[in-house]
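The values are calculated or read from the model by the stated rules, or taken from the named source; none is laboratory data. Since we're looking at a predicted model, the values are computed, not measured. In this analysis, Cβ positions are derived from the backbone assuming ideal geometry, glycine residues included, and neighbour counts consider all displayed protein chains.
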Amino acid sequence: MPENSGPSPTEKTLSRGCILCHEGAKMVLFVTGRCRRTCWYCPLSRERKGRDVVFANDREVTTPADIIREAEAMSALGTGVTGGEPLLVLDRVVEYCTLLKDHFGPDHHIHLYTGLAPDEAMLRRLQGLVDEIRLHPPHESWADILDTDYARSAALARRMGFSIGIEVPSLPGIGALAAALPLLDFLNINELEWGETCAAAMRERGLEPEDGLHNAVRGAREWAEELPADPKIHFCSSVFKDSVQLRERLRRIAANTARPFEEVTDDGTVVYGVLEPAGSLDGFLDDLDEDDYEVREGRIEMAWWVLAENADRAAGRKYVVERYPNGGMVVEVTPL
């Protein structure tokens, strides 16, 4: 059921994890790229797929302290633990979730995605650390979902106090998952997305992108319409994840980390000017306060408009940079 049909957002039973994601207040903690399943629609990048690596948002983690620094940089109110398959590294999940709860307190909300059906022993280890579990049963199990270990795991987790749901991409046959709704607190449907590592498998199945601007797969919304108009069901579009969820997270990071001379855009990116001087600056910096610029590796970074207004006062290469905050990916470089 796409976002523009059925109950209004105020009537929906959104999980706490979804509410915080909507606000951009959740850090994404990728704990491993290892996974025993080979889902043809898996969108993981080559940088992560099958590799035992850890990322906090888009930053590779080398020590647990990196996780805390990234969470603090965005004033995270919670964390989404994902992979690969997180429960293949259960000790790591327990360690990192304990770290986050100890540092930020018990109200730091943690949800965990898993393609497994955790048993009681696993759930006991996660109690008090993970607040919300999002099960990802394989596509081939959906038609008989009530006869699977996922249904039994969901019922057990709910009795043990977890918020429990299913989260899957929109695929043909998704309507069968409605049978599991009495066992669940929520059912999240992600619009199926095109990715570089799953593109060949999608072409083999006759699928194609919806348009040239977004990653959504044509027909994915229509498949979701197999589901009833139930307040437990939430459809998360590709456009929403790209244009709202990511933007809000970037804006939180930028608010905490932007340098005084950086302009923060509505999209959460930061913009600044760069001068790569050629020869003497002849007093170019004399009129600037210390907060107005930063010298970094022979470059001078400053407010882009200051550089533009004074471009003729210093020889060298001059350009404007737009990038993700906190030293993130460069979006655009414009010469002056």
Has segment 234-243 got at least one residue that is in the same structural domain as Ser45 (by TED's automatic domain parsing), touching a helix residue (DSSP H, G or I) at 6+ places or on another chain (Cβ under 6 Å) and not β-branched (Val, Ile, Thr)?
yes
Restricting to segment 255-274, and then to whatever is in contact with a helix residue (DSSP H, G or I) (Cβ under 6 Å, 6 or more places away or on another chain) and not in a loop (DSSP other than H, G, I, E, B), can you tell me which residue is farthest from Gly316 (Cα to Cα)?
Asn256
Just for segment 294-318: of the residues that are assigned to a loop (DSSP other than H, G, I, E, B) and touching a residue at least 24 places away in the same chain (Cβ under 8 Å), which one is nearest to Arg259 (Cα to Cα)?
Ala303
Select from segment 57-73 the residues that are over 15 Å from Arg252 (Cα atoms) and touching a strand residue (DSSP E or B) at 6+ places or on another chain (Cβ under 8 Å) and write down the one among them that is surrounded by the most Cβ atoms within 10 Å (Cβ to Cβ).
Ile67
Please go through segment 297-336 and give me each residue that is of a type in the set (D, E, K, R) and at pLDDT below 90, ordered by number.
Glu297, Asp312, Arg313
Provide a single number: the residues in segment 182-206 that are surrounded by fewer than 18 Cβ atoms within 10 Å (Cβ to Cβ), assigned to a helix (DSSP H, G or I) and not charged (D, E, K, R).
4
Among residues belonging to segment 139-172 that are out of contact with any Leu (no Cβ under 8 Å at 6 or more places or on another chain), outside any helix (DSSP H, G or I) and at pLDDT 95 or above, point out the one that is surrounded by the fewest Cβ atoms within 10 Å (Cβ to Cβ).
Gly161
For the subset of segment 74-119 comprising residues that are assigned to a helix (DSSP H, G or I) and free of Cβ contacts under 8 Å to residues at least 12 places away in the same chain, which member is surrounded by the most Cβ atoms within 10 Å (Cβ to Cβ)?
Asp102
Boolean, Glu263 is crowded, with 16+ Cβ neighbours inside 10 Å, among the charged types (D, E, K, R), outside the structural domain of Gly24 (by TED's automatic domain parsing) and out of contact with any Gly (no Cβ under 8 Å at 6 or more places or on another chain)
yes
Determine which member of the set Asp242, Asp291, Asp282 is at pLDDT below 95 and part of a loop (DSSP other than H, G, I, E, B).
Asp282
In this structure, does Thr13 turn out to be among the polar types (S, T, N, Q), assigned to a loop (DSSP other than H, G, I, E, B), modelled with pLDDT under 95 and touching a Lys or Arg at 6+ places or on another chain (Cβ under 7 Å)?
yes
What number goes with the only condition from (1) outside the structural domain of Ala179 (by TED's automatic domain parsing); (2) under 30 Å from the mean Cα position of the chain (by Cα) that Arg317 does not pass?
(2)
